[in-house]
Amino acid sequence: MNLLALALSPVHQRYLLEARQMQTLSFVVHIPLVCFGISFPAMVLFCEWLGLRTGDPLYRTLARRWSRIVLALFAVGVITGTLLSFEMGLLWPNFTATFGSVFGLGFAIEGFSFFLEAIFIGIYAYGWERLSPRRHFLSGIPIVITGFTGSLTVIAVNAWMNHPGGFRLVGGKVVDVNPVKALFGNSMLWSELIHMYIAGYMVTGFLVAGAYAFGRLRGRWGRYERVAMTIPLTIACLAAPVQVLVGDWIARVIAIQQPIKLAAIEGLYKTTRGASEHLLGWYTNGQIKYGIAIPHLLSLLAFHSWDAKVTGLQAVPPSQRPPINITRLSFQTMVGIGTLLALLGVFYVFVRVRRGRLPLSDWFYRAVVLAGPAALVALIAGWVTTEVGRQPWVVYRVMTTAQSVTGAGGIPVGYGALVIVYIGVAGAVVWILRRLAKLPLENPSPPTPGAPPAATPHPVS
């Protein structure tokens with residue numbers, strides 16, 4: 001595939017770094033909203049389903065309040081997603097012009113899913129008093145489905161960029177395009193998809209639970225707060241240990257499909273049998289300094305073999321190596337935080353199962369408050385590992401980032417405008433969420449006729 005890159009001439013762009021930073025900024029802002037779009041509607045529907053099953057109006061009250069957050073964050077996601085769409089064409093015109101016929105199907109499905117999601121969010125948000133409880137619940141199911149299909153196709157495009165296929169490149173022109181094979185027959189899709197979806201439930205669950213854990217530390221701890229914290233916290237704590245296993249899976253996929261990315265993650269310069277894993281440390285002059293070496297562990301984790309051969313950075317020219325320390329630091333940040341969140345999840349599940357109650361220590365609730373921002377940092381660090389670790393390629397071993405960038409000269413102006421827009425968006429999000437948090441609890445609607453008596457299906461105190 002390296003020969004294919006020779007058919008694509010590089011574009012002279014003095015602002016390549018700034019263009020990459022603009023794209024990074026947009027991803028950092030948009031990806032957390034994607035997490036909420038993936039998982040939060042499912043949590044809202046779960047609460048409403050509990051209300052229908054038990055007849056307890058508290059669940060309906062909780063679902064209704066959360067649905068306002070879904071609506072607000074979706075509106076913000078429209079802004080950030082639109083900016084991302086423009087950036088794809090404006091910053092990377094050679095990429096979209098060359099490969100648009102390959103990945104265009106994915107973005108078309110994503111756009112269709114977006115419009116359906118917008119329609120049903122409107123129906124759901126404004127249908128609380130206009131639809132019967134059962135019909136209202138059913139109107140929320142398409143929100144969950146379209147949130148899945150929209151993000152699935154975008155992740156499929158990213159998986160294709162990491163392991164391209166479904167086309168041939170002849171004289172710089174794409175021919176014999178098979179978009180279904182390119183997007184959905186990709187060997188990296190399913191590990192990347194599951195990794196991202198579990199991360200979505202972790203980020204959303206810990207952030208939402210952290211808000212109510214903070215309230216507990218401030219003395220707000222009624223039944224409403226207990227239920228509102230328990231549902232997302234349980235979901236996040238169940239997901240966190242599973243993510244460790246999925247992380248092992250995706251690391252083995254990368255070892256096969258992108259060995260140079262793995263070498264950058266681990267700072268491995270020479271191709272080695274029985275390669276050591278280094279915890280912490282700094283890569284310089286072809287070696288890790290100040291790190292803790294664990295013999296054979298890298299070979300064991302990457303290939304499940306004690307003496308497996310691991311490809312080193314030396315296998316490719318320096319121009320084809322990603323930034324080592326950024327990739328390595330972001331990966332270790334993700335793994336370190338993920339491990340701590342998994343331990344928190346195991347502790348929580350243990351107390352719930354063995355004691356039948358929530359943990360009592362204030363230290364646990366302080367940890368839950370910190371878990372939300374920590375999960376967000378791990379999410380961003382994971383995407384930095386994925387994207388920076390693929391450099392210098394935008395399409396792995398086919399097109400470099402330098403070949404895909406625009407030759408326009410207005411990048412600094414656009415960069416400044418983008419920063420101003422995102423500062424304004426961040427301020428608006430904080431203002432909206434604070435307003436929603438201060439709204440008084442609605443008087444819970446009475447149970448529907450014929451519903452069973454109110455009951456809490458799991459202990460929450």
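Skipping prolines and chain starts, which residues have an amide H placed within reach, meaning under 5 Å, of the one on MET399, given they are 5 or more residues away or on another chain?
VAL394
From the helices alone, meaning DSSP H stretches of at least four residues, give me the mean residue ellipticity at 222 nm for the chain, per-run term -39500 (n - 2.57), in deg cm²/dmol to the nearest 500.
-24000 deg cm²/dmol
Excluding same-chain residues fewer than 8 positions from LYS438, which aspartates and glutamates have a Cα within less than 18 Å of its Cα?
Within the straight-line limit of under 18 Å, LYS438 reaches these aspartates and glutamates: GLU225.
In Å², what does the accessible area per residue of segment 243-295 work out to with a 1.4 Å probe?
With the other protein chains kept in place, segment 243-295 gives 52 Å² per residue.
Radius of gyration and Dmax for segment 44-202's Cα atoms, expressed in Å?
19.1, 66
I need the Kirkwood Rh of the chain: take the reciprocal of the average 1/r across all distinct C-alpha pairs and report it in angstrom.
Result for the chain, one decimal place: 23.9 Å.
So how far, in whole Å, is the C-alpha centre of segment 173-194 from the one of segment 383-418?
Taking the Cα centre of segment 383-418 as reference, the centre of segment 173-194 is 21 Å away.
As a test question: what accessible area, to the nearest 10 Å², does ASP307 have when a 1.4 Å probe is rolled over all protein chains in place?
80 Å²
Karplus couplings for segment 192-197 from phi (6.51 cos²θ - 1.76 cosθ + 1.60, θ = phi - 60°), rounded to Hz, Gly and Pro as x?
3J(HN,Hα) across segment 192-197, in whole Hz: 5, 5, 5, 4, 6, 5.
With θ set to phi - 60° and the Karplus curve 6.51 cos²θ - 1.76 cosθ + 1.60, what are the ³J(HN,Hα) couplings of segment 422-432 in order, to the nearest whole Hz, using x for Gly and Pro?
Computed from phi, the couplings for segment 422-432 are 6, 4, x, 5, 4, x, 5, 4, 4, 4, 5 Hz.
So what are segment 391-446's ellipsoid semi-axes, whole angstrom, largest first, if each one is the square root of 5 times an eigenvalue of the alpha-carbon gyration tensor? Don't skip to the answer; put the middle values down first.
Working: eigenvalues 390, 70, 9 Å².
Semi-axes, largest first: 44, 19, 7 Å.
List, in order, the whole-Hz ³J(HN,Hα) value for each residue of segment 15-24 obtained from phi through the Karplus relation with A = 6.51, B = -1.76, C = 1.60 and θ = phi - 60°; use x for Gly and Pro.
10, 4, 4, 5, 5, 5, 5, 4, 5, 4
Below 14 angstrom from the Cβ of ALA182, what's the summed charge of the other residues (Lys, Arg +1; Asp, Glu -1)? It would help to have the intermediate numbers written out before the result.
Details: positive: ARG168, LYS181; negative: ASP176.
Residues close to ALA182 contribute a combined charge of +1.
Based on alpha-carbon positions alone, could you give the equivalent ellipsoid semi-axes of segment 66-136 from the gyration tensor, as √(5λ), descending, whole Å?
The three semi-axes for segment 66-136 are 34, 14, 6 Å.
When only alpha-carbon atoms count, how far does segment 121-222 stretch along each of its three principal axes, as whole angstroms with the largest first?
Rounded to whole Å, the extents work out to 66, 37, 19 Å.
In terms of Cα to Cα distance under 19 Å, which lysines are near enough to LYS181, apart from those fewer than 8 places away along the same chain?
LYS173
What is the set of long-range amide H partners of GLU277 at a cut-off below 5 Å, with H atoms built 1.01 Å from backbone N?
ILE294, HIS296, LEU297, LEU298
For segment 358-433, which whole-number percentage of the solvent-accessible area (1.4 Å probe, protein heavy atoms only) is attributable to carbon and sulfur atoms?
C and S fraction of accessible area: 79 percent.
Just the accessible area per residue of segment 119-175, please: how many Å² with a 1.4 Å probe?
Working: 2640 Å² over 57 residues.
About 46 Å² of surface per residue is accessible.
Please report, in whole Å³, the volume per residue of the convex hull around the C-alpha atoms of segment 339-427.
Hull volume normalised by residue count: 150 Å³.
Where q = 0.12, 0.13, 0.14, 0.21 Å⁻¹, what log10 of I(q)/I(0) comes from the Debye formula for segment 208-349, counting one point per Cα?
Rounded to two decimals, the profile gives -0.59, -0.66, -0.72, -1.22.
Checking the cross-link filter: which lysines have an alpha carbon closer than 24 Å to that of LYS309, excluding same-chain neighbours under 8 positions apart?
LYS261, LYS270, LYS289
Take the Cα atoms of segment 266-377, build their convex hull, and give its volume per residue in Å³.
131 Å³
Taking the alpha-carbon centroid of each part, what is the distance from segment 195-272 to segment 72-127 in angstrom?
For segment 195-272 versus segment 72-127, the Cα centre distance is 25 Å.
Taking all protein chains as present, what is the carbon and sulfur share of the accessible area of segment 137-289, in % to the nearest whole number, probe 1.4 Å? Walk me through the intermediate numbers first.
Values: 3950 of 6140 Å².
Ligands and nucleic acids excluded, carbon and sulfur reach 64 percent.
The values are calculated or read from the model by the stated rules, or taken from the named source; none is laboratory data. Being a predicted model, the structure only gives us computed values, none of them experimental. Neighbour counts are summed over all protein chains in view; Cβ atoms, including those assigned to glycine, are modelled from backbone coordinates with ideal geometry. When the accessible area is computed, the model is the full protein with side chains, heavy atoms only, and any ligands, DNA or RNA have been set aside. Shrake-Rupley method; radii C 1.70, N 1.55, O 1.52, S 1.80 Å.
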